[in-house]
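The values are calculated or read from the model by the stated rules, or taken from the named source; none is laboratory data. Only a predicted model underlies this, so the values are computations on that prediction, with no experimental measurement involved. All Cβ positions, even for glycine, are placed from backbone atoms using ideal geometry, and neighbour counts span all protein chains on display.
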Amino acid sequence: MQVRLDDAVDLDGFRRRARQLLADGVPPERVEWGVARSDGGEGLFGDAPEQAIAPPTAALQPVPAAFVALCADVILHRDPQRFALLYRLLWRLAHEPALRHDPLDADMMRAQRMAKAVHRDIHKMRAFVRFTQVTDDDGLERHVAWFEPEHRIVEANADFFARRFAQMRWAILTPERCVEWDGHALSFRAGADRREKPPPDAGEQLWLTYYAHIFNPARLKFATMQREMPRRYWHNLPEAALIQPLADAADARSQSMIEAPATPARRIRAPMALHPLPAEGAMPADLGELRAAAHACRACPIGAHATQAVCGEGPLAPRHMLVGEQPGDQEDLAGRPFVGPAGQLLERAMAQLGWAREGVYLANAVKHFKYELRGKRRIHKTPGQREAEACAHWLDAEIALVRPQSLVALGATAARALLGRPVAVQAERGAWLHERADGRPVFVTLHPSALLRLPDAEREAAQARWREELARARDTAPVA
Ligand code: URA
């Protein structure tokens, strides 16, 4: 019996037909699966009419939810036998109750390996798509990328890119399927030709310069790197051409780094005055107004590129307000502070101390996410002093509206914003400083991102010291 699905990733069609075949008692060896519209390499049945689908005639046993999820993944695999394998598994689940409890079954293991390969490909697409900026005939800017996935994952991955690059117009071209985002909606079309791949732009040259610059020869682990960035992706990655020469020169460069004298410390500039509060009348009436005003703020350029302003969250009149640097990539998308990796580290440390996140007000010195677009990634950039100063009145307004009893500065940007002078965090961490005109004491400690960047060997001890400081800040904050 020939069964024809609409296309190579027709999950609904597969489910409907498989249910019917199962209900009709058609064993897997009697079924030949194919697709009506193939993007290549798939069995085609031409125009032979297919039997109409009747609703299942017998009551069907429900299949485990995990199997339904497995089908959704496996169907994206390029193996032409995937439909046959899944139907055989469905048949066996219905006729061999023990299969549900057999983790070593060969069919099940093969399907799971295929699902894993699809997941890996989805992840690699997220990591290795590199956009190039082009200007359309109508003068509009677009980011276009060429990518060659191993499996049929373009549709499954499209939502991720739409969420991630909601503000840009972009297209990802692949040999079998292309996806476009016009700023509002996704659309799909047939595959493209490699010749449609856009030529390198100025951003690519910048990215290559940056890549060569951050390449640390002392930390090169070639085998690990190749596992993470398999060679099959290299021909579409501009930086791949740099890898071999950089790796070849790694030993010599490490040696010269060891021999080079230490870099002299930079001069610290003279202290600045504390930021004055905005004049009466300019102050937002409440936190909602603050958020709206900060969102619209264009006093510095970063607001124009961020998704939204991220103001703080937490109770009013708390004992502590913790202040970070600026929202990161995930905070920018979620509109909430400290939800990304640094936030999770902070939350874990607080939980270990029995300190509830909900008990403190969490905020940032700078309200918009500053980043640099590198390929598809938005890489955090530390806000410059001009940007921090432009944002200072929003932080001051937030403090005035929230009315915390004390302030905890996480890192140098927050410490400088709260104290109005450059702060050497390592030298001044761990104690209450009484310098603010409003009388609120400020406790300086590390930013969680600084701990995330530490080498593994140092991280644990540094985190333990950091937790001790957080505990001290919690327990010794002056009570009004
Ligand atoms: N880093 C910060 O300083 N703030 C956040 O909200 C997230 C990361």
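What the table below lists for this structure:
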| item | result |
| --- | --- |
| From Val74, Val144, residue being touching a helix residue (DSSP H, G or I) at 6+ places or on another chain (Cβ under 9 Å), within 30 Å of Leu208 (Cβ to Cβ) and either surrounded by 19 or more Cβ atoms within 10 Å (Cβ to Cβ) or modelled with pLDDT of 95 or more (or both) | Val144 |
| Selection count where residues are part of a helix (DSSP H, G or I) and of a type in the set (A, V, I, L, M), scope segment 394-409 | 6 |
| Criterion (within 12 Å of the ligand (Cβ to nearest atom), at pLDDT 95 or above, of a type in the set (Val, Ile, Thr) and not assigned by TED's automatic domain parsing to the domain that holds Leu237) met by exactly one of Val360, Val339 | Val339 |
| Selection count, segment 170-218, where residues are in contact with a helix residue (DSSP H, G or I) (Cβ under 9 Å, 6 or more places away or on another chain) and assigned to a helix (DSSP H, G or I) | 5 |
| Arg336 vs. criteria assigned to a strand (DSSP E or B) and farther than 18 Å from Leu419 by Cα | no |
| Residue in segment 337-347 that is under 22 Å from His380 (Cα atoms) and in contact with a strand residue (DSSP E or B) (Cβ under 6 Å, 6 or more places away or on another chain) present | yes |
| Unique residue being surrounded by fewer than 18 Cβ atoms within 10 Å (Cβ to Cβ), under 23 Å from Trp207 (Cα atoms) and among the β-branched types (Val, Ile, Thr) when the list is Val134, Val129 | Val134 |
| Filtered residue count, segment 419-434, keeping only those that are surrounded by fewer than 14 Cβ atoms within 10 Å (Cβ to Cβ) and within 13 Å of Leu407 (Cα to Cα) | 1 |
| Condition check for Leu345: within 15 Å of Ala450 (Cβ to Cβ), in contact (Cβ under 8 Å) with a residue 60 or more places away in the chain, more than 8 Å from the ligand (Cβ to nearest atom) and assigned to a strand (DSSP E or B) | no |
| Considering residues of segment 410-442 that are charged (D, E, K, R) and not in a loop (DSSP other than H, G, I, E, B) only, the residue farthest from the ligand (Cβ to nearest atom) | Glu428 |
| Subset of segment 363-393 that is more than 14 Å from the ligand (Cβ to nearest atom) and either over 24 Å from Gln133 (Cα atoms) or aromatic (Phe, Trp, Tyr) (or both) - its residue that is farthest from the chain's Cα centre (by Cα) | His393 |
| Search result, residues across segment 227-239 that are surrounded by 15 or more Cβ atoms within 10 Å (Cβ to Cβ) and free of Cβ contacts under 8 Å to residues at least 60 places away in the same chain | Trp234, Glu239 |
| Residues of segment 361-389 that turn out to be surrounded by 21 or more Cβ atoms within 10 Å (Cβ to Cβ) and within 30 Å of Ala317 (Cβ to Cβ), as a count | 12 |
| Any hit, segment 400-413, residues being under 19 Å from Ala285 (Cβ atoms) and either in contact with a helix residue (DSSP H, G or I) (Cβ under 8 Å, 6 or more places away or on another chain) or not assigned by TED's automatic domain parsing to the domain that holds Ala317 (or both) | yes |
| Failed condition for His320, given (1) within 24 Å of Val425 (Cβ to Cβ); (2) modelled with pLDDT of 95 or more; (3) surrounded by fewer than 20 Cβ atoms within 10 Å (Cβ to Cβ); (4) more than 27 Å from the chain's Cα centre (by Cα) | (3) |
| Only one of Val35, Val63 that is at pLDDT below 95, closer than 29 Å to Pro175 by Cβ and touching a Leu at 6+ places or on another chain (Cβ under 6 Å) | Val35 |
| Of the criteria (1) without any contact (Cβ under 8 Å) to a residue 12 or more places away in the chain; (2) closer than 22 Å to Arg152 by Cβ, which one Arg177 fails | (1) |
| Segment 114-167: number of residues that are more than 18 Å from Val9 (Cα to Cα) and of a type outside the set (A, V, I, L, M, F, W, C) | 17 |
| Residues being more than 8 Å from the ligand (Cβ to nearest atom) and among the charged types (D, E, K, R) - total across segment 320-335 | 2 |
